Every structure is written in C-alpha cells, then in structure tokens.
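Chemist: The structure that follows is given in the form of structure tokens.
The values are calculated or read from the model by the stated rules, or taken from the named source; none is laboratory data. Just so you know, these numbers come straight off a predicted model, no measurement behind them. Cβ sites come from the backbone with ideal geometry, for glycine too, and all protein chains shown count toward neighbours.
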Amino acid sequence: MDWGRFKRRASRWLVSDAAGLFILGSISIARGMSYTPLLVNPERKPTHFMESVLNPPSWAVVWLLMGVLCLCAVKWPRLVPAAVGAVVGLHSMWALSFVFATIFGDLTRAWVSSLGYIGIAAMTLYAYARGQTSELKIVDGR
C-alpha cells in the first residue's frame, strides 16, 4: 500500500462534500435510532412542540430517511440539494421548537438543547455555501 497516496486521497475526501454528507447522514440516523421504540417509550409525553406533531416512531422514520438521503447523496451528487435542505430544515425546526419552549416557559433550559440543532444547521449552511474546494481561489491577502 502506498501510504503517501492514501494520505492524499484521505485528506481530499475529508474536506469534500461527501464527507460532510456522511457526517450529516450519520447524525440523522443516530437521532432516528433514538426515537425507535427500542430506545424511547412511544407513549411518553412530548418534550417540545415538534415531538407533539408526530409520535416517536414516526419521527424515527423521518430522521432515518433523512440520514439515508444524505448517505445516498454521497454517491449521487444530484441529491445533495435535497439532502442538505432536509437536514437544515429539520434541525432548524427542532431548534425553534426548543427556543419557543423556553420563551413560553415550558422548559426554561430548552435553549441549551437548541444550540446543537442550531449549530448543525448553521455549520451545514456555512460549509455548503463555501462551494467545492476545487472552486476556491487562494489569494495572498497582503
């Protein structure tokens, strides 16, 4: 095995859209798994507004499908806009749901939970708005 070639390929992949989609897909699948009946009581009281829209097993399906969409977009780039839009949209809805739970006094520290969702949505928008690394032009700032 050519170690130098492997390092070059790995370092290129780690800054690619594919790597970002793999991370987003993995996070979404993990969140989906957390809503399965194996890990959460489907009869429990919703924690915040978005959890009251659907029951936990239904949210599990939504998150899992979004994760699979992201993983498919790794292979088929035409799916990237739909995958990124779905991830940003759902994370933003979840973040707002927690923020409003704090504003309305339902959960005084729900804003803390919203930070993770806001962070994923914001960093995703930041990363994909920058474009491909092959499209970037490095300019000496002096």
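Chemist: Given the options 97, 92, 134, 114, name the one that is in a helix (DSSP H, G or I), at pLDDT below 90 and not aliphatic (A, V, I, L, M).
Modeler: On the way: 97 fails: at pLDDT below 90; 92 fails: at pLDDT below 90; 114 fails: at pLDDT below 90.
The match here is 134.
Chemist: Right, something else. Output yes when any residue across segment 96-103 is in contact (Cβ under 8 Å) with a residue 40 or more places away in the chain and under 17 Å from residue 23 (Cβ atoms), and no when none is.
Modeler: No; the residues of segment 96-103 include none that is in contact (Cβ under 8 Å) with a residue 40 or more places away in the chain and under 17 Å from residue 23 (Cβ atoms).
Chemist: Restricting to segment 8-65, what's the tally of residues that are in contact (Cβ under 8 Å) with a residue 60 or more places away in the chain, of a type outside the set (Gly, Ala, Ser) and not in a helix (DSSP H, G or I)?
Modeler: The qualifying residues number 3.
Chemist: Can you spot a residue in segment 19-27 that is small (Gly, Ala, Ser) and modelled with pLDDT of 95 or more?
Modeler: Checked against the condition, which is being small (Gly, Ala, Ser) and modelled with pLDDT of 95 or more, segment 19-27 yields at least one hit.
Chemist: Quickly run through segment 22-52 and pick out the residues that are of a type in the set (A, V, I, L, M, F, W, C) and either closer than 30 Å to residue 80 by Cβ or buried (at least 18 other Cβ atoms within 10 Å of the Cβ) (or both).
Modeler: 22, 23, 24, 27, 29, 30, 33, 39, 49, 50 - these are the residues of segment 22-52 that are of a type in the set (A, V, I, L, M, F, W, C) and either closer than 30 Å to residue 80 by Cβ or buried (at least 18 other Cβ atoms within 10 Å of the Cβ) (or both).
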